[in-house]
Amino acid sequence: MLFYLLKRVGLAVVIVVVAVVLLYSMIHVVPGDPASVILGPRATPEMKQELHKLMGLDRPFVVQVVSFLGKVARGDLGMDFFSQRPVAEIVFKQLDETLVLVLASITWAMLLGIPLGCYSAVFRNTFSDKLVGVFSIGVIAVPSFVVALYSLLFFAVTLQWLPAIGAGESGQLLDQARHLILPAFAIGLGWVGYIARLVRASMLEVLNENHIRRARAFGLPETTIVFHYALKLAILPTVTLLGTGIGRLISSAVFAEIVFARPGIGKLIFDSVVSRNYPLVMGAVVVSTVLFVLSTTISDSINAMLDPRVRERL
Amino acid sequence: MSKPNMQFSKIRLSRRSFLKASAASAGWLMLPGLGMHPSWAQDTRVLRVRDYGDPQSLDPGIASNLYEEHVNAAVHNKLIAYKPGTKWEWQLEAAQSIEQLDPTHIKFVLKPGITFTNGFGEMTAEDVKFSYERIIDPELKSPIKGDWATLASVDVTDRYSGIIVLSKPFQPLWMTTLPYMGGNIVSKKAVEAAGGKFAAMPSCFSGPYVIKEREPKQRTVLARNPEWKGAPAAFDEIHIFPIDDEKTAEMGFEAGDLDYTRVSMSSYKNLKKKPPKNSVVEKYPSLYYVWLGMNMEHPKLSDERVRRAVQYAVDIPSILEAAYDGVADPATGYVPPGLVGHRPDTLVPFKADFAKAKALLAEAGYPDGIDLDLEVRNKAVYIAAGQVIQAVAAQAGIRMTLNLHDSGSFWSLGDESKGDRWKKLQLVLNRFSSAPDPHYAAQWFTKEQVGVWNWERFKNPEYNQLYEQALAEADKDKRDQMYRRMQELMEASGAYRFITHEAVPVIYTDRIIPALRPDGMPLLRYFTTA
Amino acid sequence: MNQIREIFFRLRNEPMGIFGLVLVLLVVACAVFAPFLVTHDPNALDIAHRLAGPSFDHWMGTDQLGRDVFSRVVMGSRIAVWVALVTVSLSLGIGLVLGMMAGYGPKWMDSGLLLLFDTLRSFPTIMFALALVTVFGPSLQTVIIVIVATTFPVYGRMVRTQTQALAGNEFIVAEEAMGAGMMRVLGVHILPNIVGPLFIVASMDIPVVITIEAGLSFLGVGVRPPTPSWGAILNDGYAYIRNTPWIIIFGGIPLIVTTLGFTFLGESMRDMFDPKLRKDL
């Protein structure tokens, strides 16, 4: 197991490095100049050159990549030339916003998805089970940005029940919570379906296992069996699903953040790509890639712990 | 919800929820919404405004964006400042008096008792000297160096007075230098202590407000300056939110998150017809200018007849109707109406003339039409305008391909220092901002700017000569003639089709009285409560 | 032919599958017959009637340039179906070749390709897309490149796993012992065995692919205007969401119909033929 873990972490590091190099090279063949954007319309050619030097853009490409990786290894993401602040500070601040959004989405999706899955499993093959099944597939299929647009249109613009944009006044929890509802709804909806289906499937598997059958033979009511014994086991795959799902979550967070004009890592990346703010793009990408690789590594490792077959496959 | 001591924004939140809830249970909460605000007296008054960009540099000597100036103007002082209102005028700010002694000498006397925060002491003529001379110091590499292009020195005569000495007369000084970005006065001691420039956050302020907090990309918070002795600031705090997209800002306003914002031209009519509760919608003429530019050195466009064909194939009325919702007027050049140098008319009529365009194309050797690329910035209004240009020009046999660019890519399209893209550039839908003096716009189209901001690569000796002359010309009518002629030269080259100056519609809550420049831009320090 | 009859026969008992099939046929028919269905030229401006509400002449109203939203939505189905066909077959092809190389080739090749797959998958799709779009500039080709680059690793990994599993099988080992070349082993024995499940996965990827295209166009980094992609229609509508909501409403419906249709159909087919599929991924 230890060997597996080492191998997995090694792979994770290699992936991050390759991803950084790949992105760095892409960014540097991109047309467009951060200097024109940073310095504004009144920049002179000399000023632009000066800024290039400051940003290290005049050095050979390889030198730039290596020095960047070296800094990252030491936990230094560099400075943002727009705001003169450490990139790490900006990125982590935005990351918090995204994590709160992702967490809120996943939480409500689980709160609804798990009971739905259990219900389906208990009443398997009934009409209502099928209905839940169709509902689950349906919500998985619908693009989250369409859900975001529709909910913005109906709940914020037409009915004006909820705020349309932003993340709310900082420090005012109620306000922030209200701003969270629509984006979290848009991101989480599809996950209700995922989780319901997954819980149903693993629940059915668990319900067929011996100790559950024994419990049933003792005459325990089905609901007790489901919620006290089976659920604990059935929920594990859901946890690992979340690990692999983080990339999808961040992707849908980009749309939710743009539609609802929320601060967050997705919007940060989008905005900084648009303005060619390389230090911020790189910082944000490194952090989110690490996050992604970390979560897949953890979920894979949990999987491997539970299922020895996985270990051999690597 | 029923704590009596609430913040302004909290109350407004409750008001919104209230409108949906039953009337009896929380009736008192509605008071602020009705325009009565007894609670303001004991609570924090916060003004929440939106700006289109996030300040990058807050050192007034280095800042060059309008949204930076909006902050700087509230936290620093200038000798003279723009007067809120509908006419471009200036009023005294830090100066007690200011007068032009002769074309190259300006005498000023400071008001005594203006202090810098953080113990940096009283503002003196030394600070004025330092603030203006540092801008032309090559060491600082200030982007606004051009505003002080002919500054020779500032001579201090006593503690409060001094003389600004110019090497050559410089007419734009009174409208675009002193009351604008180049006019902010900083503390010499503080800047020197900071090593020559303020890095992230200035260490002292002198205006009615100070910068309390900067959350990059989220907001800038200004707070009342306790040491300010002038007319008291109306708000305890001003929160400035950087929101690039106007539609987003409109939604934010309707949701009650903002007190003042510029809105999009396409929403103006609807907002005016049905303004959100307790709000005021107004429209201001703008200084921006939008035009279709043509790269004169591109092989396809080097023939003047082709360029003129494009001029005739662009239909201004339909662009204004579709992309600007009929809110904006056509432009005749880069100087909007009401300013020196405004042209009353154009050579090519606003309405497209397909027959003429086709004839010119045929003459130039393109009887079957021509394929051209049009570069457009990736924003709703330009995409709409681009599609109208494309659809209309097709009727004259000009087939355009629209290429969208984000701002990073767009702003380096014609930049020679950024590779070979300028050679491939054909048509570009461009828009520059300006200031209330024609010189400001005129400077980008000189020979020296070719490959920098002059992407049409327009080189005209007469233009350059007039540009130099106009800088020094004191006679208003003569200046007027000169700038008119310069714009005519541009249009006659065929490389420019001026489209519009746009318009600046704004919306604000009736709880505040905004103080705006004639072009609708905010002068935050003069905002008050209704 | 028999297989197709078999599919339809089995689908009879799957109401969800039939529903999906109907929706898919609707969308495909829409794409095929688009030029006959449109009531107006989808790109023709009519500035006098811009932002008009749904009417007898304009069933779904008009957009900010006075273009007929119904005609744009109908034409948009062509973009969606075209993008789906091209990208899924490209991804499938690339994934198949690289996956078999990884699964059957030498160890170093396997490790290298696996690293490539995992790296490409480790970018959140949209970020990767943004980076690529800034390199190539927004256009339909770029969208296709982006989608292929982000989806082929999934096929690659899947094909690799399946190839490895098959390569260990007795009959393959026997073939190899008899001197069969790599091409023969891969082409005759492995390919036919993995192609079936792969097609089901691919069909389930269609809605995903259509969503990515629409998403990119919605962000303004997809197809070039005035191409009527559904995402571009939504983008147009987003700017006018408050006063002319029908653009968003009608722009979203075809996306929902299409993704639902393909997903329902794909799910039913998978349940029918290979219920265990995808659990391995």
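Results, tabulated for the structure shown:
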| quantity | calculated |
| --- | --- |
| Matching option when the condition is within 30 Å of residue B:217 (Cβ to Cβ) and hydrophobic (A, V, I, L, M, F, W, C), among A:259, A:239 | A:259 |
| Qualifying positions in region A:148-178 - in contact (Cβ under 8 Å) with a residue 24 or more places away in the chain and at the interface with another protein chain (Cβ under 9 Å from one of its Cβ atoms) | A:149, A:152, A:156, A:164, A:165, A:166, A:167 |
| Condition check for residue C:226: out of contact with any Asp or Glu (no Cβ under 8 Å at 6 or more places or on another chain), open to solvent by 20 Å² or more (accessible area, probe 1.4 Å), facing chain A (nearest Cβ under 9 Å) and more than 15 Å from residue A:255 (Cα to Cα) | no |
| Cβ-Cβ under 8 Å pairs, at least 6 apart or on other chains, region B:242-265 side touching a residue at least 60 places away in the same chain (Cβ under 8 Å) and more than 9 Å from chain A (Cβ to nearest Cβ), far side assigned to a helix (DSSP H, G or I) and open to solvent by 30 Å² or more (accessible area, probe 1.4 Å) | B:247/B:380; B:261/B:246; B:262/B:246; B:263/B:246; B:264/B:246; B:264/B:380; B:264/B:381; B:265/B:381 |
| Residues that are closer than 28 Å to residue B:83 by Cβ and within 14 Å of chain A (Cβ to nearest Cβ), drawn from region B:179-197 | B:180, B:181, B:182 |
| Among (1) crowded, with 20+ Cβ neighbours inside 10 Å; (2) among the aliphatic types (A, V, I, L, M); (3) within 14 Å of chain A (Cβ to nearest Cβ) - the single one residue B:221 does not satisfy | (1) |
| Residues located in region A:53-71, provided they are assigned to a loop (DSSP other than H, G, I, E, B) and under 24 Å from residue A:89 (Cβ atoms) | A:56, A:57 |
| Any chance residue A:251 is buried (at least 21 other Cβ atoms within 10 Å of the Cβ), within 10 Å of another protein chain (Cβ to nearest Cβ), out of contact with any Ser or Thr (no Cβ under 8 Å at 6 or more places or on another chain) and assigned to a helix (DSSP H, G or I) | no |
| Single residue of region A:202-218 satisfying the filter (in contact (Cβ under 8 Å) with a residue 24 or more places away in the chain and among the aliphatic types (A, V, I, L, M)) that is most open to solvent (accessible area, probe 1.4 Å) | A:204 |
| Residue that is surrounded by the fewest Cβ atoms within 10 Å (Cβ to Cβ) [pool: residues in region C:254-272 that are facing chain A (nearest Cβ under 9 Å) and within 12 Å of residue A:146 (Cα to Cα)] | C:256 |
| Count of region B:445-468 residues which are assigned to a helix (DSSP H, G or I) and open to solvent by less than 20 Å² (accessible area, probe 1.4 Å) | 2 |
| Within region A:44-57, considering residues that are open to solvent by less than 90 Å² (accessible area, probe 1.4 Å) and without any contact (Cβ under 8 Å) to a residue 24 or more places away in the chain, the one farthest from the other protein chains (Cβ to nearest Cβ) | A:56 |
| Contacts under 7 angstrom Cβ, first residue in region A:1-25 being facing chain C (nearest Cβ under 10 Å), partner outside any helix (DSSP H, G or I), 6 or more apart | A:19/C:123 |
| Residue list for region C:44-97, filter: closer than 17 Å to residue C:229 by Cα, away from chain B (no Cβ under 14 Å) and open to solvent by 10 Å² or more (accessible area, probe 1.4 Å) | C:60, C:70, C:73, C:75, C:78, C:79, C:81, C:82, C:85, C:86 |
| Within region B:99-114, tally of residues that are free of Cβ contacts under 8 Å to residues at least 60 places away in the same chain and open to solvent by less than 30 Å² (accessible area, probe 1.4 Å) | 2 |
| Every residue from region A:72-111 that is polar (S, T, N, Q), assigned to a helix (DSSP H, G or I) and surrounded by fewer than 18 Cβ atoms within 10 Å (Cβ to Cβ) | A:107 |
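Residue by residue, here is whether (1) under 30 Å from residue B:320 (Cα atoms); (2) surrounded by 19 or more Cβ atoms within 10 Å (Cβ to Cβ); (3) without any contact (Cβ under 8 Å) to a residue 12 or more places away in the chain holds:
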{"residue": "B:212", "(1), (2), (3)": "no, no, no"}
{"residue": "B:238", "(1), (2), (3)": "no, yes, no"}
{"residue": "B:280", "(1), (2), (3)": "yes, no, no"}
{"residue": "B:295", "(1), (2), (3)": "yes, yes, no"}
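The values are calculated or read from the model by the stated rules, or taken from the named source; none is laboratory data. What you see is a predicted model; the values in this text were computed from it and never measured. Neighbour counts are summed over all protein chains in view; Cβ atoms, including those assigned to glycine, are modelled from backbone coordinates with ideal geometry. With ligands, DNA and RNA removed, areas are computed over all heavy atoms of the protein, side chains included. Shrake-Rupley method; radii C 1.70, N 1.55, O 1.52, S 1.80 Å.
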